[in-house]
Amino acid sequence: MNFKTYFCPQTGHVNYLKKPGEKIKKGEEIYNLTWFDPSKAEALETTIVALEDATVINHCPSGNVLNGMEVYQVLED
């Protein structure tokens, strides 16, 4: 078992799809990230998926995140 941290790839707003204690499967969506791209003058969204089967330990208490912030901590199976 390994502890793994998912970091935010972009400043924006996170919609958490998994709660602490929940199991996640490799490839399963764990959060959506929405941000504003001023060069395109539009909001963009991306979905982040689990890299391995794991259990969610914790997630950031805020929905507003900065580039590089810790978003999720998991314990990989």
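Counting protein heavy atoms only, the stretch 24-75 has 52 percent of its accessible area on carbon and sulfur, 1.4 angstrom probe. Across the chain, the mean sequence separation of Cα contacts (distance under 8 Å, 6 or more residues apart), normalised by length, yields a relative contact order of 43 percent.
Length gained on full extension, Ala43 to Asn64: 6.1 nm, using 0.36 nm per residue less the C-alpha separation. In this structure the stretch 9-77 gives 60 Å² per residue of accessible area when probed at 1.4 Å with all protein chains present. Share of Cα-Cα pairs in the chain beyond 17 Å, in percent? Result: 41 percent of Cα pairs exceed 17 Å. For the pair the stretch 2-30 and the stretch 39-64, the centres of their Cα atoms are 6 angstrom apart. Computed packing ranks the peptides 64-76, 36-48 as 64-76, 36-48, most packed first, by mean other Cβ atoms within 10 Å.
The values are calculated or read from the model by the stated rules, or taken from the named source; none is laboratory data. This structure is a prediction, so every number in the text was calculated from the model and none was measured. Glycine also receives a Cβ, built like all others from the backbone with ideal geometry; neighbour counts cover every protein chain displayed. Ligands, DNA and RNA are excluded from the accessible area calculation, which covers all protein heavy atoms including side chains. Shrake-Rupley method; radii C 1.70, N 1.55, O 1.52, S 1.80 Å.
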